[in-house]
Structure formats: structure tokens, C-alpha cells
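> Shown below is the structure under consideration.
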Amino acid sequence: MNVLLVNPEFPATYWSFQHALSFEGKRSAFPPLGLMTISSMLPPSWNRRMVDLNVRKLKPSDIQWADVVFATAMLVQKESLRKLVAQSKAMGKRVVIGGPYVSTSIEGIPEADHVFLGEAETTLPTFLSDLEGGNAQRIYQAPERPALSLTPIPDFRLAELKRYSAMSVQYSRGCPFQCEFCDIIEIYGRNPRTKSNEQMLAELDALKEVGWRGTVFIVDDNFIGNKRNVKRLMPDLISWQERNQRPFSFLTEASVNLADDDDLLAAMRRAGFRRVFLGIETPVEESLKEALKTQNTRGNLLDSVRKIQSYGMEVMAGFIVGFDHDPDDIFERQINFIRESAIPLAMVGLLNALPDTQLWRRLEKEGRLLGESAGDNTSDSLNFVPKMNPARLIEGYQSIMRTIYNSREYYERTLECLKRVIQEGPAPKRPQSLINDLAAVTRIALTLGVLDHERREFWRFITRAFSEHRDKLADSLRLAAMGYHFRKLTEVYGD
């Protein structure tokens with residue numbers, strides 16, 4: 001049996017980083033971890049190919065080769081998924097789809113032969129047995145959320161390593177909080193399940209064995225959701241890093257209450273965590289309470305960010321405007337918070353109701369829904385009727401994006417971030433790292449320092465970074481490239 005695993009295309013969004021990756025000679029930030037995990041669950045005798053449409057085109061010959069096509073998708077990938085399914089079916093292929101979009105969509109999903117709803121650890125073996133017996137069903141609904149002890153080591157060999165800026169692993173699924181707008185708790189539940197320490201170290205061994213060095217993204221939606229187990233993992237992770245000469249640095253996502261635990265912060269620093277994405281959402285307490293994000297109301301958010309930064313972790317963060325309780329000055333307050341927190345990579349989005357979330361159900365009862373969200377975290381479209389005038393909300397959102405990614409504003413935040421974040425030890429060495437890759441440095445200097453209309457701001461930034469943070473030149477260049485990515489995203493909003 002020949003199986004083709006396809007990851008649909010992502011549009012340009014916050015997490016795509018596509019305008020920055022080109023400087024490094026990369027095509028995509030992360031590989032499709034779900035498909036690599038599915039590959040490890042398939043029969044050993046099956047032949048496998050993986051095509052990530054974010055790093056290369058799908059050829060008709062790829063589909064012709066396959067007996068069955070597997071695809072997954074997030075909401076933002078839905079249009080690309082539909083095209084893939086249609087193309088594969090037109091060529092007479094059996095098509096299997098699953099993933100977050102398929103599991104939560106309230107619109108019609110593509111006409112695939114087999115559809116997996118929920119997590120596949122228990123349903124995929126049933127499907128394989130049914131397929132062999134000639135009676136495979138169209139719908140496979142996970143009866144429960146499986147223990148992650150069932151999850152195999154992903155098939156990292158399928159990834160074209162040189163095309164990605166980071167690799168991915170997963171430690172946990174689920175989050176204990178109850179944010180109204182969040183679909184993670186609907187998909188994965190509020191009781192965070194984790195892999196064992198042995199599983200995690202085995203996955204890192206496998207990544208090291210295929211030759212990866214550098215950034216590893218622990219893709220959990222809340223890495224510290226099960227804080228007790230995370231604390232048990234840390235000593236083993238630290239020992240693994242030391243035993244293997246620290247081949248990886250880690251990036252992850254966590255809730256703001258990470259700042260409350262100095263012991264955990266210290267352990268994460270020793271383990272090599274260098275960046276963490278926080279869901280801050282808003283500095284307005286009434287809006288946080290409306291969103292049921294009460295964990296963010298228990299302390300000073302600016303102090304929490306500074307605390308995490310003080311442990312050598314660059315803070316990335318998500319922000320939202322469009323809550324019913326947002327005041328008229330919400331846009332200025334968001335800008336001021338982002339400025340004062342020294343968060344260079346701030347993801348600001350309009351509130352959107354995702355399918356089958358608490359927010360979706362509430363707005364549906366109130367008659368305020370307008371349709372399914374595009375899933376794009378930098379889109380200026382609304383899928384519900386807000387309390388604020390819609391035109392005012394969209395213009396205010398656009399003004400935030402234009403302001404925070406104005407070159408001078410962005411570079412000032414970046415310099416402050418570099419001052420606050422003191423990282424211990426050298427960064428992991430890997431082939432073609434940004435600072436050691438002359439071609440990457442040349443691309444940045446040519447694009448940002450010569451061709452770009454904001455080149456004066458770039459050279460002002462680089463001069464100060466070299467003078468004040470000479471040991472962080474690699475991070476300075478990386479953040480300059482990221483700033484260019486976000487500025488390109490905001491150009492659609494005009495001046």
C-alpha cells in the first residue's frame with residue numbers, strides 16, 4: 001500500500017513567519033507533526049511519502065503514486081484542504097482526512113472517503129483493520145480522549161529538515177482553564193494529559209538521530225497545564241540536554257501563571273527554554289472576566305511578563321480586541337501594554353467565534369453570529385456582530401497593527417527585550433544557523449538595510465544592538481527579520 005500524507009497550505013499569518021524565513025533560506029517554520037505521528041501508526045509494510053505544501057508543490061505524479069491520500073488541516077487551511085481532496089478524488093484516489101478543522105467544523109467538510117473526528121490513537125487501528133477486511137466506514141469518531149501513552153514517536157524521517165526553521169514535538173494535550181473563545185478545551189478537554197518522561201526523551205533522541213540541531217517547538221497549547229508532571233519532566237530534560245551537549249533550544253506556549261513559579265522558571269531556563277508564547281489577550285480586567293480568563297486577573301500582567309523575561313525567556317504573546325466589555329480606549333491600552341511589556345512578537349487579532357466554543361454557543365443564542373471564521377489570526381474580518389461599532393473596531397484594530405509594527409516602535413521594543421532577557425550558556429549549534437550563515441546575513445542586510453524604505457531605522461537598530469548587546473547579534477538579526485514579516489502583514493491596512 002502506498003500512502004501519501006499531505007499538509008495543506010497555510011496563508012500568510014502570524015505563525016507562518018514566511019516573510020522572515022526567506023532570509024534564512026527556509027520554506028516553513030514547523031513540519032506537520034500530526035502527519036508524522038500518523039505515519040508511525042501505519043503498518044510497517046506501507047510505503048510512505050509526505051508532501052508539505054508549505055515547502056514544495058504537490059505533483060500529479062505524487063497523487064498517481066498513492067493508493068490512499070491522508071490529509072489534516074487547521075481551520076486556516078480549509079480552502080487548501082478542499083482543493084487537495086477535490087484533486088485527489090478526481091484522480092480516483094481514496095482520501096482520508098482528520099485534524100482540528102475537520103473535528104470542529106460546522107460547515108460542510110470536503111467529500112472525503114473517510115473522516116476522523118477527534119484524536120486518532122484509538123480509531124486509526126480500527127480503520128486499518130476495517131480497511132483490510134474491506135468494510136471501512138466513512139466516519140470514525142473517537143469515543144474518548146486517549147492516553148498519550150498510545151502515541152508513538154513521530155516519523156521525523158519524513159520531514160525535509162533543511163526546509164524548516166524548527167522541529168516540533170508534543171508533550172501534552174488539553175488545558176485546565178475555561179476561556180470562552182478557546183477551542184482547545186473543546187477538542188482536547190480540560191484535564192491535561194501528558195506523555196511520560198521516557199516518551200519525551202525517546203522523541204528527542206529520535207530528533208537528534210535524524211540530524212536535527214537548533215530550535216524545538218513543544219507545541220502544547222499550554223505546556224504547564226499539568227504543572228505537576230511538567231515539574232517531574234524538568235530534571236530528566238535538563239540531564240538529557242547536558243548529556244547530549246545541549247543540541248536543542250525550546251520554544252513553547254504557556255499560561256501566564258508560569259510567572260508564579262520561580263522553581264519551574266529556573267528549571268526551564270536550565271533545560272534550554274528560550275522563548276514562550278503567552279495568551280495575555282487584554283489588559284482590561286472586565287474583558288478578561290467576560291472571556292472567563294480569570295487566571296489573568298490574579299496578578300499584574302506586566303510584572304508577570306517581566307518575571308518570565310528575567311529567567312532568560314523571550315516572551316511572545318497573543319492579544320485580542322473585540323470583547324463586549326472593551327472600552328473606547330482599548331486600542332491605545334493594547335498599544336501601551338505591548339510597548340511597556342517589551343514583547344517584540346505580539347500577535348494581535350480581532351475576536352472571532354470558533355466553531356462549537358462557548359463563545360460560539362453564546363453568540364448563536366444571542367443571534368449575533370455571521371458565519372464560520374476564516375481562522376486567520378491577522379485578518380480584519382468579523383464573524384459576529386460586536387457591541388462596538390464594527391467599522392470603529394476594525395479601524396482600531398488596524399491602527400494597533402500599524403503602530404506596533406512601525407519600524408521605530410518595533411525596534412525600540414526589541415532593544416528593551418534584548419536588555420531584559422539574559423540567557424545562560426551558548427545557543428545550540430546547528431548547520432546554517434542565522435548568525436553563522438553569511439548568505440542569511442547578506443539577505444537581511446540587502447533587504448532591510450538597502451532596499452527597504454525603512455532602512456534608516458534598521459541601521460539605527462543594528463548600530464544600537466551591536467553597541468549595547470553585542471553578544472546577542474544573532475537574536476537581533478532574527479528579531480529584525482521577524483519585524484519585517486509582521487510589517488509586511490500590516491501593509492494591507494495602509495497608512
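Bear in mind that the values in this text are calculations on the coordinates, not laboratory data. Small disclaimer: the values here were computed from a predicted structure and weren't measured. We place every Cβ from the backbone using ideal geometry, glycine too, and count neighbours over all the protein chains shown.
> For a footprinting-style exposure proxy, rank 467, 407 by other Cβ within 10 Å, fewest first.
Going from sparsest to densest Cβ surroundings: 467, 407.
> If the rule is a partner Cβ under 4.7 Å, which cysteines in the chain fail it?
175, 417
> Another one. Take the alpha-carbon centre of segment 239-301, take the same for segment 466-487, and report the distance between them in whole Å.
A separation of 22 Å, based on Cα centres.
> Between segment 332-384 and segment 139-215, what is the C-alpha centre distance in whole Å?
Using only Cα atoms, the two centres lie 25 Å from each other.
> What 222 nm value per residue comes from the helices of the chain, counting each DSSP H run with n ≥ 4 as -39,500 (n - 2.57) and dividing by all residues, nearest 500 deg cm²/dmol?
Calculated at 222 nm, the ellipticity per residue is -12000 deg cm²/dmol.
> Could you go through segment 214-226 in sequence order and give the Karplus-derived ³J(HN,Hα) for each residue, using 6.51 cos²θ - 1.76 cosθ + 1.60 with θ = phi - 60°, rounded to whole Hz, and x for Gly and Pro?
Residue by residue, segment 214-226 yields x, 6, 10, 8, 7, 7, 3, 6, 8, 4, 9, x, 10 Hz.
> If neighbour count is taken as other Cβ atoms inside 10 Å, put 14, 405, 410 in order from fewest to most.
14, 405, 410
> Under the Karplus relation 6.51 cos²θ - 1.76 cosθ + 1.60, θ = phi - 60°, what is the ordered set of whole-Hz ³J(HN,Hα) values for segment 472-489, x standing for Gly and Pro?
Values per residue, Gly and Pro as x: 10, 5, 4, 5, 4, 5, 4, 6, 5, 5, 5, x, 4, 4, 5, 5, 5, 5 Hz.
> Mind giving me the FRET efficiency for residue 41 and residue 328? R0 is 41 Å, r the Cβ-Cβ distance, nearest 0.05 is fine.
So, using R0 = 41 Å, E works out to roughly 0.20.
> Follow-up question, since we're still on this one. Among the DSSP beta bridges whose two residues both lie in segment 166-420, what percent are antiparallel, rounded to the nearest 5?
Around 10 percent antiparallel, to the nearest 5.
> Further, regarding this structure: Go from 0 up to the bin containing the longest alpha carbon distance in segment 2-141, width 10 Å each, and give me the % of pairs per bin.
The percentages, shortest bin first, are 11, 43, 35, 9, 1, 0.
> A follow-up question, please. Give me D for segment 77-162 in µm² s⁻¹, whole number, from Stokes-Einstein with Rh from the Kirkwood sum over alpha-carbon pairs, 10 °C and 1.306 mPa s.
Translational diffusion coefficient: 110 µm²/s.
> Also, I was wondering about something else. What do you get for Rg/Rh of the chain when both radii come from the Cα atoms and Rh is the Kirkwood radius?
Rg/Rh for the chain comes to 0.95.
> Further, regarding this structure: Any idea how far apart residue 289 and residue 491 come out in nm if each label point goes 7 Å out from Cα toward Cβ?
If labels sit at residue 289 and residue 491, their model points lie 4.4 nm apart.
> Rounded to a whole number of µm²/s, how large is the Stokes-Einstein D of segment 438-493 at 20 °C and 1.002 mPa s, given Rh as the Kirkwood radius over C-alpha pairs?
Estimated diffusion coefficient is 184 µm²/s.
> I need the semi-axes of the equivalent ellipsoid of segment 166-420: take the C-alpha gyration tensor, multiply each eigenvalue by 5, square-root it, list largest first in whole angstrom.
Largest first, segment 166-420 gives 33, 22, 16 Å.
> Ok, one more. So who's got an amide H within less than 5 Å of the one on residue 217, skipping anything under 5 residues away but keeping other chains? H placed 1.01 Å off N, in plane.
For residue 217, the qualifying residues are 167, 168, 169, 251.
> Taking 35 Å as R0, compute the FRET efficiency from the Cβ-Cβ separation of residue 453 and residue 419 and round it to 0.05.
Rounded to the nearest 0.05, the efficiency is 0.80.
> Continuing with the same structure: Give a residue-ordered list of calculated ³J(HN,Hα) values for segment 243-260 (Karplus: 6.51 cos²θ - 1.76 cosθ + 1.60, θ = phi - 60°; whole Hz; x for Gly, Pro).
Listing the rounded values in order: 5, 9, 6, 6, x, 10, 10, 10, 10, 8, 10, 8, 7, 4, 5, 3, 5, 7 Hz.
> Also, I was wondering about something else. List the residues, sorted by chain then number, that are 5 or more residues from residue 319 or on another chain and whose placed amide H is less than 5 Å from its amide H.
Correct list: 281, 347, 348, 349.
> Going 7 Å from the Cα of residue 198 along its beta-carbon direction, which residues of segment 216-247 have the amide nitrogen within less than 20 Å of the resulting point?
Answer for this model: 229-241.
> Which peptide among 121-129, 35-43, 344-352 comes first, and what is the full order, when sorted by highest mean count of other Cβ atoms within 10 Å?
344-352, 35-43, 121-129
> Report the GluC sites (Glu not before Pro) located in segment 282-382 that are in a DSSP loop and have at most 16 other Cβ atoms inside 10 Å of their Cβ, or state none.
Counting only loop positions with at most 16 other Cβ atoms within 10 Å, the GluC sites (Glu not before Pro) in segment 282-382 are 366.
> Between residue 239 and residue 374, what is the label-to-label distance in nm when each label sits 7 Å out along the Cα-to-Cβ direction?
My value for the distance between the label points is 5.0 nm.
> When 458, 177 are ordered from fewest to most other Cβ atoms inside 10 Å of their Cβ, what list results?
The most exposed by this proxy come first: 177, 458.
> What does the C-alpha gyration tensor say about the overall shape of segment 351-495? Classify as rounded when a/c is under 1.5, otherwise prolate if a/b is larger than b/c, or oblate.
Cα axes put segment 351-495 in the prolate bin.
> Please work out the Cα center distance from segment 1-31 to segment 59-122, rounded to the nearest Å.
18
> Here is a follow-up. Go ahead and run the numbers for FRET between residue 149 and residue 262, Cβ-Cβ distance against an R0 of 30 Å, rounding to 0.05.
0.45
> Give the cross-link partners of residue 208 among the lysines, using a straight C-alpha distance below 17 Å as the criterion and excluding same-chain residues fewer than 8 apart.
Here the lysines satisfying the reach criterion relative to residue 208 are 162, 429.
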